[in-house]
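As C-alpha cells, the structure follows; a few thoughts come after it.
The values are calculated or read from the model by the stated rules, or taken from the named source; none is laboratory data. Just so you know, these numbers come straight off a predicted model, no measurement behind them. Here the Cβ positions follow ideal geometry from the backbone for every residue, glycine too, while neighbour counts run over all protein chains shown. Areas reflect the complete protein model, heavy atoms only, side chains present, ligands, DNA and RNA absent. Shrake-Rupley method; radii C 1.70, N 1.55, O 1.52, S 1.80 Å.
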Amino acid sequence: MAVSWQHRLAARAPAAVFLAEGARIGPLRETLALSPGIRLVDTPRHASVLVVAGDIPTGWRDDLRRIHDQLPAPFASVWCRCEPFEALRNPILNDTIEALPQGVVETHRELMLGKRDSAPRLLPDEPPNPWEGLGDDGHGGEGMMGGTPYGRPMAMNMQDDLRDGLTLDTLTFRLGPFHSALPPGLQAEVSLQGDLVQAWTITRKPFASVVEPIFHAARQEPVPIAELELSRARHHLRRLYRGLRVAGWPRLAERTLRMAGQLSPNSDIAGLRRSLERGGLWRLALPEPGRGDLDKEQARQLGGPAARAAGIDEDLRSQDAHYRRLGFAPTCREVCDTAARWQQWLDEIEQSLALAGQAARHDLKTAETAAVETPRGPWTDAFPHDKSDLLGEVLPGLEWGEALMTLASLDVSALDLHPLEEPWQPHRSTGDREGRV
C-alpha cells in the first residue's frame, strides 16, 4: 500500500486506545493516561487500538467480541496479562505492564503506515435484531410505534415518571461490563425516561479491586506510616481522577493523576482544591445538595470515606498507638450526599499528607497489624464482600449525569485479598475454545 502524507500524519498522532479492564490488573488505566503518545477514549468506535488487560471470565468473551468488532479499520488489539482469542492470527501479546505503552504506540504507528494488517472481525456482519420485511412497511416497525425499526428497538413500556407521575416511554438497555464510567466488570440493566434513571439492576458484579502492596504488608508487620499514608492519598487521587474524567474535566483529571505519581511527605493539594472550587465543580458537575444521599445504614455498609462523610467517625487508625501519638482523629462530614463524598476525599488526602509529613520526621511505623484501615475502609472479615446491589437503591430518581457522578463517588466492589505481585501465568480453560468464532 502506498503511504500518503495522511497516513504519515495519522502515524504521528497519539494512539487512540480503548481499555477493556479485567480483574487483578491494578491502576493500568492511570498508567496509560500518563503515557506519551497515548490518548484514552471512552468508546471503541473512536479507537485504533483495543487494550485488553487482566483476567477476563470465560462467560464474558462475547461482550469482548462485540467491543473488538466496533473498532473502525484499521485497528489492532493488544493483550496484556490475559489470553487472546484463538481466532486472531498472530495476536499482539504484552505481559509486561511497563513495556505496554510503548508497544501500543508502535502498534498504532504500524497500522497507520500499513506495516500491520487490520485485525479480523470476529462476529457475523448482521443486525442484532431481525427487521427486514417485518412490520407494516417492511422496515421492522409496527404502525406508529413499536417493533424494531431498522433493527433498533424503540423506547416502549410506558411507566410513571418518578418525578411528577407523567406516563412516558421507557428505554431499557444494558451497560457494561467494560464501560469506562463504571467500575471494571460492573454490568447493569438500566431503564431511562428521558435522562431520568427509573431502574438500575446489577446483572454482573464488578471485579474485586486491589490496594497497594503496603496495605497487605501492614497486616503482617509494622510498616512506615509515611509510606502507608502516601499510598492512601494516592488511592484517593486516582479515584478523583476517574471521577473528573466522568465529569468531563480531562485536564484537571490529568493534573490530579500527575500529582498522584509525584506525592511526597511535603506535597500539598491546596492548589488542586482551589481549582476544583473556582472551576465550579460543586455547582456544575456534581448533583445539587441532597442528591445521591445515603442513609446511615447504607453509609456504614460501605465504610471508609463514605461512612465518614455521613458523620460516622469510625477509622481503625484510631486503635493504633503511633497514630494516636501523631494526634490522629477521623475527619468527618455531616451529610453523605454525592458532593460530600467528593469533598471527603479531599479532606482525607490532606490529612494523609499531613500525617505522612509528621511520621517521616519521627520515622514512625504502625504499632498494630490486626487493625488496618485501607483507603476503602476497615480490613475486616466482612470487608471483602461486594456492595454493588446498593446502587439499585441509590441511583433511581437521579438524572443520568447525576447518577454517573454519584456512582463515581462510591466504592462498591469487593476487595481483592491477595497482593498484586504474583507472576501471571497463562491458563487455558477446556470449556472456552476460542477457535470457534
### Message
Can you give me the orientation-averaged projected area of the convex hull built on the Cα atoms of segment 234-373, in nm²?
### Response
8.6
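Using the alpha carbons of segment 1-148, what is the convex hull volume per residue in cubic angstrom, as a whole number?
Details: hull volume 23.6 nm³, N = 148.
Given the Cα convex hull of segment 1-148, per-residue volume reads 160 Å³.
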### Query
In degrees from 0 to 90, rounded to the nearest 10, what is the angle of the helix 61-70 Cα long axis to the longest principal axis of the chain?
70
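Arrange the peptides 100-109, 364-373, 274-283 so that the one whose residues have, on average, the most other Cβ atoms within 10 Å appears first. List each step's numbers first, then the result.
Values: 100-109: 20.4, 364-373: 17.8, 274-283: 13.7.
Averaged packing, sorted descending, gives the order 100-109, 364-373, 274-283.
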### Summary
Using alpha-carbon coordinates alone, the radius of gyration and Dmax of segment 1-71 in Å work out to 14.2, 43
## Note on the structure
Checked segment 60-111 with the C-alpha gyration tensor, a ≥ b ≥ c its square-rooted eigenvalues, rounded below a/c of 1.5, otherwise prolate if a/b is larger than b/c and oblate if not; verdict oblate
### Summary
Checked against the positive end of the charge dipole of segment 1-92 (+1 on Cβ of Lys and Arg, -1 on Cβ of Asp and Glu, about the Cα centre), the farthest of 9, 59, 72 is 9
### Task
Return, for the Cα atoms of segment 95-148, the radius of gyration and Dmax in Å, separated by a comma.
21.5, 58
### Highest-fluctuation residue, 303, 194, 135 considered, GNM on the chain with Cα pairs under 10 Å
135
### Query
Counting each DSSP H run of 4 or more residues in the chain as -39500 (n - 2.57), what helix-only mean residue ellipticity at 222 nm follows after dividing by all residues, to the nearest 500 deg cm²/dmol?
-9500 deg cm²/dmol
### Message
Taking 2.2 N^0.38 Å as the expected size of a compact globular protein, what ratio does the Cα radius of gyration of segment 323-387 give against it, to two decimals?
### Response
1.29
### Summary
For segment 370-410, the Cα convex hull volume per residue in Å³ comes to 65
### Query
Which order do 169, 320, 137 take when ranked by solvent-accessible area (1.4 Å probe, heavy atoms of all protein chains), largest first?
137, 169, 320
### Task
Give me Rg over Rh for segment 228-285, both radii from the alpha carbons and Rh done the Kirkwood way, two decimal places.
0.97
### Query
According to the Cα gyration tensor, what semi-axes, each the square root of 5 times an eigenvalue, does the equivalent ellipsoid of the chain have, listed from largest to smallest in whole Å?
39, 29, 20
### Query
Cα extents of segment 68-188 along the three principal axes, largest first, in whole Å?
55, 38, 25
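Which peptide among 230-240, 140-150 comes first, and what is the full order, when sorted by highest mean count of other Cβ atoms within 10 Å?
Working: 230-240: 23.4, 140-150: 14.8.
Answer by packing, highest mean first, reads 230-240, 140-150.
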### Message
With a 10 Å cut-off between alpha carbons and a GNM built on the chain, which of 182, 134, 420 moves the most?
### Response
134
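May I ask you to list the GluC sites (Glu not before Pro) in segment 292-365 that are in a DSSP loop and have at most 13 other Cβ atoms within 10 Å of their Cβ?
On the way: sites: 297, 314, 334, 348, 350; in loops: 314, 334.
Sites meeting the loop and neighbour criteria: 334.
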### Task
Quote the Stokes-Einstein diffusion coefficient, in whole µm² s⁻¹, for segment 257-338, based on the Kirkwood radius over alpha carbon pairs, a temperature of 4 °C and a viscosity of 1.567 mPa s.
86
### Query
Percentage of Cα-Cα pair distances in segment 144-274 greater than 22 Å, rounded to whole percent?
60
### Task
Measure out, as a whole number of angstrom, how far apart the alpha-carbon centroids of segment 2-21 and segment 169-243 sit.
30
### Message
Can you tell me the orientation of helix 338-362 relative to the chain, as the angle in degrees between its alpha-carbon axis and the longest Cα principal axis, to the nearest 10?
### Response
50
